[in-house]
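Here is the structure we will look at, set down as C-alpha cells.
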Amino acid sequence: MGIKLENTDLKNPAQHMVNCFQLIYGNDVLLHSQGIPNNYALDIIDLFCNENDWGIAGCASSGKTFSVAACIVVDWLCAPDCTSTYVASTSLDASEDRLWGKVCTLYRIAMRNLQAQYGKDTSIGNLVEYRRMIVFESIDTKDSERDYTNAIKALAFPRGGEGKRSVENTRGRKNARMRLFLDELAEMDLYALDTRVNLGANPDFIFGGMANPSNTVNNPHAELS
C-alpha cells in the first residue's frame, strides 16, 4: 500500500495500528463514519498500544467488545510466531456471543481481505472452531490434548472452584508476547485478577478487563478500575 515506516516518524504505536486496520479490515471496521472519527474506537486503539494494564467500563452496545477484538486480531497477526493470547469469559458457551465470537468474526474478515489483496493462498494461522482457538502452527488433529502456544485461545473463568482451577492453570505459561483479556469481568470472582501476577513475569505482557459497570460486592472489574 506504499506505507513506509521511515516516513511515519514513529510518532505513536497507535498510528501503526490504525494503518494495520486500514490494510486488513478496510471499511469492515469503521474508524470514520460520514467523515466523523470514531473516537471511542481510536481511544481503545491508543489504550491497547500504549498501556499494558487496563480496564474498560462501558454500557451495553457501546462498541468496546468489537474494538478490543479488532485490536486483538491485529496484535496477534503482527507476531503470530511468538504471541500467546487468551480471551476469557464466564463460560465457553457464552464466549461465542462475546469477545471470543467477535475475535473469530474479525479474523475471518482479515483473512478474506488479505486473500483478496494478495492472493487466495495468503493466510496467517488456522481457526479451529471446535477447539476454540486460532493457531499459528499446523493443527494436529490426532493430538486432542496438545496445548498450542502461539495461538489465540478462548478460556472460561466461571465463579467458584472451577474458575479458580482455570486461573491456576494459567500459571507458568511463557512466551515472548503474552496477552490476557477478561470479558464480562464484573461477573467473575476476585481471584480472576491473580492472573496478572501469574503471567506478568513474561517480558511483553498486556492485561485487559472489560465489563458493564456493576456495584456487586467483591467485583473484580471495580477493583481493577
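Kindly indicate whether any position in segment 31-39 is of a type in the set (A, V, I, L, M, F, W, C), at pLDDT 90 or above and surrounded by 13 or more Cβ atoms within 10 Å (Cβ to Cβ).
Checked segment 31-39: no residue is of a type in the set (A, V, I, L, M, F, W, C), at pLDDT 90 or above and surrounded by 13 or more Cβ atoms within 10 Å (Cβ to Cβ).
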Flagged pairs (Cβ under 8 angstrom, 6 or more apart or on separate chains; first in segment 210-225, touching a residue at least 12 places away in the same chain (Cβ under 8 Å) and over 16 Å from residue 191 (Cβ atoms); second surrounded by 12 or more Cβ atoms within 10 Å (Cβ to Cβ) and of a type in the set (Phe, Trp, Tyr)) are 210/181
Scanning segment 110-130 for residues that are outside any loop (DSSP other than H, G, I, E, B), within 14 Å of residue 150 (Cα to Cα) and not β-branched (Val, Ile, Thr) gives 126, 127
In the set 108, 132, the lone residue that is under 30 Å from residue 30 (Cβ atoms), free of Cβ contacts under 8 Å to residues at least 24 places away in the same chain and of a type in the set (Lys, Arg) is 108
Just one listed residue, out of 177, 171, is more than 17 Å from the chain's Cα centre (by Cα), over 14 Å from residue 88 (Cα atoms) and among the basic types (Lys, Arg), and it is 171
Exception for residue 164 within (1) touching a helix residue (DSSP H, G or I) at 6+ places or on another chain (Cβ under 7 Å); (2) at pLDDT 90 or above falls at (2)
The condition of being farther than 17 Å from residue 209 by Cβ, at pLDDT 90 or above and among the small types (Gly, Ala, Ser) holds, among 69, 79, only for 79
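The values are calculated or read from the model by the stated rules, or taken from the named source; none is laboratory data. Note that the coordinates shown come from a computational prediction; the quantities given were computed from them, not determined experimentally. Cβ coordinates were reconstructed from backbone atoms using ideal geometry, including for glycine residues, and neighbour counts include every protein chain displayed.
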